[in-house]
Structure formats: structure tokens, C-alpha cells
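Undergrad: Structure in C-alpha cells, see below.
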Amino acid sequence: MRKPRDFDAELKALEDKTRELKTRKVQQLGELVIATGADALSAEELAGALIVLAETKDAGRREAWARRGAMFFRGRARRPAPATDHDTGGTPAQPHGEQQASSGTSET
């Protein structure tokens, strides 16, 4: 005879895992905001930009953003940021400043 399953324990384990994944996602999003220099923006500016991004249906524009994001991650993997880069209080490094300046023209 098989041992009966403890559905309550399984459900609690799944809920714990879900909570852990959500926490990790929020932490990673925060780290991404800081790494890109977007923490220099106000909450309103960042929210507005993200809304525009989420509402954009233009496949070409989204693909261009994806390529740019991939280049960002490849660049970060090759040359890790110095320890002092994290303590700049949100001041973006030169490469991020260039990205921000060129991204301002594609908002329309």
C-alpha cells in the first residue's frame, strides 16, 4: 500500500518556491536598473519609459532594443565593473551615458 501524499506540504513548498522566484526577479530587475544607469532617472521617468517600451508593438524597434541589450550584457561579461562603480550614487559610467543620449531620439 502506498503512502498518501501530503498535498498541504507540497502546496506549501510550491508557494515557498514561488515567493523565492518573485524575490529573485525583483532583485535582478533592481540590479539591472542600477547597472544600466537608469537609477539616475526619477521613478516617474523610469515608469513612463517602461510603459512606452511595454506598449510598443513595432517588431523592428523591439528587435533593435533586444540587440542593444544583448550587446550590453556581452560587454558586462567581458569586463566586469570595478568595485567603485557600484558606489557612484547612480552616476552612469561613460558607456551608459552614450546609450542614454542615443536612446532619447527613438522615443517617438
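The values are calculated or read from the model by the stated rules, or taken from the named source; none is laboratory data. Note that the structure is predicted; figures quoted are calculated from it, not measured. Here the Cβ positions follow ideal geometry from the backbone for every residue, glycine too, while neighbour counts run over all protein chains shown.
Undergrad: Out of GLY75, GLY48, which single residue is modelled with pLDDT under 95, surrounded by 10 or more Cβ atoms within 10 Å (Cβ to Cβ) and in a helix (DSSP H, G or I)?
TA: Residue meeting the stated conditions: GLY75.
Undergrad: Turning to a different aspect of this structure: Name every residue in the stretch 51-63 that is surrounded by 10 or more Cβ atoms within 10 Å (Cβ to Cβ), free of Cβ contacts under 8 Å to residues at least 24 places away in the same chain and part of a helix (DSSP H, G or I), in order of residue number.
TA: ILE51, LEU53, ARG62, GLU63
Undergrad: I would also like to ask the following. State whether the residues of the stretch 20-42 include one that is among the acidic types (Asp, Glu), surrounded by 10 or more Cβ atoms within 10 Å (Cβ to Cβ) and in contact (Cβ under 8 Å) with a residue 40 or more places away in the chain.
TA: yes
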